[in-house]
Amino acid sequence: MNEKYPQFTFYGLDFNLTNDLGVLVSAILVFLLVFWLSRNLKMRPGGKQNVLEWIMDFTNGIVKSAIPGSERYTFNLFAFTLFLFIFIANQLGLFIELDIGKDTWFRSPTASPVITMTLALAVLVLSHYFGVVFRGFKGYLKGYASPLPLLLPINLLEEFTNFITLSLRLYGNIFAGEVLVLLIRQWAFSGGAINFVSATVAEIAWQGFSVFIGSIQAYVFVTLGMVYTSNKVLPE
Amino acid sequence: MSLGDTLFTIVTFLILVIAVGKVAWKPVAKMMADRQQKISGDLDYAEKSRKDAEELADKRREELQHSHADAVKIVNRAKENGEKQRQQLLDAANTEVATLKKNAQEDIDQARKDALADAKNDVANLSLTIAQKLIGKELNATDQKDLIDDYIKRLGDANGSH
């Protein structure tokens, strides 16, 4: 990771190819995984189907714990896809890191603040949209003045802090993880067999721990996203 | 900032959600719902079957109890009948024995009476015959009677009883 990425401008829009490639690969992997798991469905589920149903139950549980009412069915599929996408995106950069020349071509897309902000934005925009759908425009506006009209500025501020904390938490965790992966790699090649062996052990340990971090962060992102959504969707 | 990335991510993610929903989510969710329905149906059916079986067992038990009572009743009735029959037979035998005894007694009495009468006649005839033999004359019964009466009268006089 050299903090230099292949750039590309198209109709005045800037594209960071590293991010786009990561997003695309993550999406394709998620789709292939789910596609493979969902083949040959049976009334009596076998191994693959059990795994898929377990993941579905898991994300449904996340949604349900935030939104107990019947509104939750709207968000089940979204939460499921979001969780798998972030999970896979978090893990990708741990194992694959591609530098060509001075440019980094591939790493975790969630190690970029742009991608995490985009995901947080998607979650929050959806929460506002469904807040209007489920509570009406008046109810949605009333939400800003609750529990006291006095708190209106704080509620408005909260919308931005929600967005910032949701996106930067994920970005910070994954970015830091990748930086450490690279630092340990540099340590490994800093010369000497002892350095190489001990750095390899440290890298393995850190990668294992990062898998854990990536899973936790995917869970936290989806959970908090659903909590913010429930604040908008559920009547006070 | 790279606005293009944002756009690209959103579009990709949207397509991903739609594809996942179509390919995996819908069929699996449907399968899960079907399974839930089937399980609840099966549970209902099992519950019903259990109830039916219980009812049937109760009925059987009741019938068994009834048949037990019936058997007891039948045995009792048979016992009663036997007792009655025994009593009847005994009574009949007693009666018959009594009748037989009575008849026999009557026969015996008759026979004794007949024998006595016969003996009386025989004695009369015998004594007559003896008297005829002694007196040597034919006595008819009337004469003899007179004779006997006369004899008896004289016997009385001789005793001076008058």
Does any residue in segment A:30-43 that is more than 9 Å from chain B (Cβ to nearest Cβ) and closer than 19 Å to residue B:34 by Cβ come within less than 8 Å, Cβ to Cβ, of a residue that is buried (at least 17 other Cβ atoms within 10 Å of the Cβ) and not β-branched (Val, Ile, Thr) six or more places away or on a different chain, and which pairs are these? A:40/A:49
When you look at residue B:28, is it under 21 Å from residue A:35 (Cβ atoms), at the interface with chain A (Cβ under 7 Å from one of its Cβ atoms) and either part of a helix (DSSP H, G or I) or of a type in the set (S, T, N, Q) (or both), yes or no? yes
Pair list, Cβ under 7 Å, 6 or more apart: segment A:127-147 residue under 16 Å from residue A:74 (Cα atoms), other residue outside any helix (DSSP H, G or I): A:135/A:235
Subset of segment A:3-27, residues open to solvent by less than 80 Å² (accessible area, probe 1.4 Å) and facing chain B (nearest Cβ under 8 Å), comes to A:13, A:14, A:15, A:16, A:19, A:20, A:23, A:24, A:27
Residue check, residue B:10 open to solvent by 90 Å² or more (accessible area, probe 1.4 Å) and β-branched (Val, Ile, Thr): no
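This table checks each residue for (1) open to solvent by less than 40 Å² (accessible area, probe 1.4 Å); (2) under 25 Å from residue A:127 (Cα atoms).
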| residue | (1), (2) |
| --- | --- |
| A:29 | no, no |
| A:40 | no, no |
| A:48 | no, no |
| A:54 | no, no |
| A:57 | no, yes |
| A:63 | yes, yes |
| A:67 | yes, yes |
| A:75 | yes, yes |
| A:79 | yes, yes |
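The values are calculated or read from the model by the stated rules, or taken from the named source; none is laboratory data. Keep in mind it's a predicted model, so treat the numbers as computed, not measured. In this analysis, Cβ positions are derived from the backbone assuming ideal geometry, glycine residues included, and neighbour counts consider all displayed protein chains. Remember, those area values only see protein heavy atoms, side chains included, never the ligands or the DNA or RNA. Shrake-Rupley method; radii C 1.70, N 1.55, O 1.52, S 1.80 Å.
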